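Structure first, then comments.
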Amino acid sequence: MKLGPFGMKMILRLLWKEEKKRRAFWPDPNLYRHQLDVDVLGDGVFDHKVDIYYANEGPNKKNKVLLDIHGGAYLFSNRKNNYGFASVFLEKGYDVVLLDYQPNGKGRGCLDQLRSVAAELKYLWDHAAELKLNQDQFYLMGDSAGGHFSLVLAEALGDDEYARTLGIDVSGIRVHGVAVCCPLYDFERGVQTEALNRAGKRLMFGPDYDKPEFARLLSPKAHLPLLNIPLFLSSCRNDFIKQESLDLNEEATKAGKDITYVFIDVEDQRVQHVHNVTHFRDPESVQVNDAMDSFFSRCA
């Protein structure tokens, strides 16, 4: 059965309820200094703002900045839903910035979302001093759709022409590493999925989903040679798009890229797509996030 907009909205409603349940396990945000709802794009749109959390002072503080892009199938969630995951790294001594983008629909598409997070990244870079963020230690993170955007941004940082074609300005930005979990790597394959009908694809990816040049432009697979930043990648047996990560690991390794791949090979159904973000206290999630911490330390 192919899903159309109505079926997708029912699923997204269930996912949203699950998001709300998880908040009961999050630590109090007031444990950390923070600036919430910073209107970096200046248009007042909720999904164009960022949340900034600062690690507590002390010997554990790393003075490194993790810039996290949330997932949500391009259709739901927002930066607030990644605070629990962010708290893992705040406890480890990192400053964490949660970026955001508007859900697709109403004529918006994935390229619009990418341009939003790119503009937020550029603002954070240009205003790092006043925001008390260490510009010399920026790292990108993203899960699922956010992992897709993180990969595209990492590739654009390596090629000015690609950045111009995307319509983004990432000039001058230096990122020491990018960490993604369960990303969509082959975007061209993604928009061809038979799980969605035409209306569903238009809703999820945007009105240009059926234009080959659109899919190729946003496909990390098509631009892998541009990736010159160390990459951390994670997925698991029950990740419904695990083939994307398996292919990325294989092709990046063959291309001689600096890649660290963590694959959790267990049957537990709780360990599934972006489990280290959604169930960050579970042993398998701790394993992934500790490995990510080690990766960031290596990339310094």
Residue within the range 155-177 that is out of contact with any helix residue (DSSP H, G or I) (no Cβ under 7 Å at 6 or more places or on another chain), among the hydroxyl-bearing types (Ser, Thr, Tyr) and either at pLDDT 95 or above or surrounded by 17 or more Cβ atoms within 10 Å (Cβ to Cβ) (or both) present: yes
Exclusive hit being among the acidic types (Asp, Glu) and either assigned to a helix (DSSP H, G or I) or under 26 Å from Leu227 (Cβ atoms) (or both), set Asp43, Asp51, Asp47: Asp47
Output for the range 204-222, where each listed residue is surrounded by 21 or more Cβ atoms within 10 Å (Cβ to Cβ) and either in contact with a Cys (Cβ under 6 Å, 6 or more places away or on another chain) or assigned to a helix (DSSP H, G or I) (or both): Met204, Phe205, Gly206, Ala215, Leu217, Leu218, Pro220
Qualifying positions in the range 278-300 - over 14 Å from Leu233 (Cα atoms) and among the small types (Gly, Ala, Ser): Ser297, Ala300
Verdict on Ala179 being more than 19 Å from Leu98 (Cβ to Cβ) and either among the aromatic types (Phe, Trp, Tyr) or not in a loop (DSSP other than H, G, I, E, B) (or both): no
Among the residues listed as Glu188, Glu120, the single one being closer than 26 Å to Phe263 by Cα and touching a residue at least 12 places away in the same chain (Cβ under 8 Å): Glu188
Residue in the range 225-238 that is surrounded by the most Cβ atoms within 10 Å (Cβ to Cβ), counting only those that are under 17 Å from Val274 (Cα atoms) and more than 16 Å from the chain's Cα centre (by Cα): Cys236
Those residues of the range 253-271 which are closer than 27 Å to Glu155 by Cα and in contact with a strand residue (DSSP E or B) (Cβ under 7 Å, 6 or more places away or on another chain), in sequence order: Thr253, Lys257, Asp258, Ile259, Thr260, Tyr261, Val262, Phe263, Ile264
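The values are calculated or read from the model by the stated rules, or taken from the named source; none is laboratory data. Computed from a predicted structure; not experimentally measured. All Cβ positions, even for glycine, are placed from backbone atoms using ideal geometry, and neighbour counts span all protein chains on display.
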